[in-house]
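The block underneath contains the structure these notes are about, expressed in structure tokens.
The values are calculated or read from the model by the stated rules, or taken from the named source; none is laboratory data. Just so it is clear, the structure is predicted and the values come from calculations on it, not from any experiment. Here the Cβ is made from the backbone with ideal geometry for all residues, glycine too, and neighbour counts use every protein chain on show.
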Amino acid sequence: MTVPRSQLVDVSVTPWYHVISKTVRGACLLREGNGDHKQWIENRIEELSQVFAIAVGGFSVLDNHLHLVVRLEPERVEQWSDEEVVCRWAMLFPPRGKNRKPLEVTPQWIKQKLSDKDQKYVTNARKRLANLGWFMKCLKEPLARLVNRAEGVTGAFWQGRYKSIAILDEQALLATCAYIDLNPFAAGLSELPEESPHTSIRTRLDHCRNTGRMNDLKSARVGSVMGIHQAADLEKGLWLCPIEDRRRYGEAQAGLVEGFSLGSYLQLIDWTSRLLRRGKARVSAEVASLLDRLGTNSDTWSITLQRLFSRTKTTGVAFSFNRQRLNEAAHQRGCHHMANLNGCPA
């Protein structure tokens, strides 16, 4: 039975969600050659992350589906003034003339919306700017209309309902990001994970390259103490959530895991990619130390990632490395139990 979205996405349970959306009938409508659809989606994800009170921690765009890791931040939208809410919403849904062409957002138009009866416009816009459903609508619907108009056709482009999976702990969050970043690699679309286009790992590395920080990243990746220190702000200015959560050091943007750097993440991705290609890989002292810091081990990590990649159909509404955390989330949702994603161990 289909579960209402309001029960699946609840920020009181967790702010982190893995979102999956597929094209209709699984057709490869996003494949390179069908226009530049993948780049359009990547650009649109970045654009929406700057408008909504929803941060993006990871993404990958494949031929017939896309993955996102998002962090819901409803407290942020409450800090915005009414005028800022109106301006942000107008970026997505500008005023239109009789010919349906977008009009300029003028001070007079903003003033009119601010004085809307009972401020219904502002209230609805504020609520929607923190809503995952509206985020996905603004991501998917414009591309469907664009493609249909360009090809002179009508009909669905996406499967109607996206899947959302609650991510309940740090280990599951990193495993989800690794799974998403490794999707094109596992599908044989790239020789190395970091070469996969339209992925968050490629975006992170391109950012380091464009800011002239690749040497710092290499030092951090091999475990150099000096390199790790120098790499503390490698992702500064990047639109994605950083891998390392540095809010306790005064950073405003939430990251994925406290004390876990981009260099550490790349080490983990490199080892995990060898697991996928060869079925086994020697655990280096550095990787063993990383897994230990995450409160897990190589066997659990290996079983979990292989389970994620082995299922063609995604099952479960939550993901955790901890059974107690699953039980707590079930209690918060008022249900007896919650099945872990793809039957992964917990």
* To do: Could you pull out the residue among N124, N99 that is under 25 Å from R44 (Cβ atoms), surrounded by fewer than 16 Cβ atoms within 10 Å (Cβ to Cβ) and at pLDDT below 90?
  => N99
* What about G259, is it under 19 Å from R71 (Cα atoms) and modelled with pLDDT under 90? -> yes
* Asked: Got a number for residues in the range 262-300 being assigned to a loop (DSSP other than H, G, I, E, B) and at pLDDT below 90?
  -> 6
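Evaluate the range 49-59: report whether one residue or more is assigned to a helix (DSSP H, G or I) and surrounded by fewer than 22 Cβ atoms within 10 Å (Cβ to Cβ).
Yes, because at least one residue in the range 49-59 is assigned to a helix (DSSP H, G or I) and surrounded by fewer than 22 Cβ atoms within 10 Å (Cβ to Cβ).
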* Asked: What tally of residues in the range 240-272 results from selecting those that are within 21 Å of H207 (Cβ to Cβ), surrounded by 22 or more Cβ atoms within 10 Å (Cβ to Cβ) and among the hydroxyl-bearing types (S, T, Y)?
  -> 3
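Residue-by-condition table, conditions (1) closer than 25 Å to M214 by Cβ; (2) in contact with a Cys (Cβ under 8 Å, 6 or more places away or on another chain):
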residue: S261; (1), (2): yes, no
residue: Q267; (1), (2): yes, no
residue: T272; (1), (2): yes, no
residue: L275; (1), (2): no, no
residue: S284; (1), (2): yes, no
residue: L294; (1), (2): no, no
residue: N297; (1), (2): no, no
residue: T304; (1), (2): no, yes
residue: L308; (1), (2): no, yes
* Structure fact -> The lone condition F93 fails out of (1) under 26 Å from I20 (Cβ atoms); (2) hydrophobic (A, V, I, L, M, F, W, C); (3) touching a Leu at 6+ places or on another chain (Cβ under 9 Å) is (3)
* Test: residue in the range 103-120 that is among the hydrophobic types (A, V, I, L, M, F, W, C), touching a residue at least 60 places away in the same chain (Cβ under 8 Å), touching a helix residue (DSSP H, G or I) at 6+ places or on another chain (Cβ under 7 Å) and surrounded by 15 or more Cβ atoms within 10 Å (Cβ to Cβ) -> no
* What is the number of the single condition among (1) modelled with pLDDT under 90; (2) crowded, with 21+ Cβ neighbours inside 10 Å that A318 does not meet? -> (1)
* Asked: Taking the range 74-83 on its own, how many of its residues are within 20 Å of M136 (Cα to Cα) and touching a residue at least 40 places away in the same chain (Cβ under 8 Å)?
  -> 3
* So, of the residues in the range 298-346 that are of a type in the set (S, T, Y) and within 15 Å of A166 (Cα to Cα), which turns out to be farthest from the chain's Cα centre (by Cα)? -> T315
* Asked: Hey, any hits in the range 168-187 for a residue that's surrounded by fewer than 16 Cβ atoms within 10 Å (Cβ to Cβ), under 30 Å from F93 (Cβ atoms), modelled with pLDDT under 90 and not aromatic (F, W, Y)?
  -> no
* To do: Considering each of V19, V86, V13, V9 in turn, give the residue that is closer than 17 Å to E141 by Cα, surrounded by 14 or more Cβ atoms within 10 Å (Cβ to Cβ) and either of a type outside the set (V, I, T) or out of contact with any Cys (no Cβ under 7 Å at 6 or more places or on another chain) (or both).
  => V19
* To do: Would you check if there is a residue in the range 140-162 being of a type in the set (A, V, I, L, M, F, W, C) and either over 30 Å from H37 (Cβ atoms) or surrounded by 21 or more Cβ atoms within 10 Å (Cβ to Cβ) (or both)?
  => no
* To do: Considering only the range 300-346, state which residues are over 16 Å from V13 (Cα atoms), free of Cβ contacts under 8 Å to residues at least 40 places away in the same chain and not aliphatic (A, V, I, L, M).
  => S302, Q306, R307, S310, R311, T312, K313, T315, N342, G343
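Evaluate the following for L234: is it within 20 Å of L192 (Cα to Cα), touching a helix residue (DSSP H, G or I) at 6+ places or on another chain (Cβ under 8 Å) and either at pLDDT below 90 or of a type in the set (F, W, Y) (or both)?
Considered against the rule, which asks whether it is within 20 Å of L192 (Cα to Cα), touching a helix residue (DSSP H, G or I) at 6+ places or on another chain (Cβ under 8 Å) and either at pLDDT below 90 or of a type in the set (F, W, Y) (or both), L234 comes out as no.
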* Filter result (closer than 27 Å to K313 by Cβ, in contact (Cβ under 8 Å) with a residue 60 or more places away in the chain and in a helix (DSSP H, G or I)) within the range 139-175 -> L139, K140, L143, V147, E170, Q171, A172, L173, L174, A175
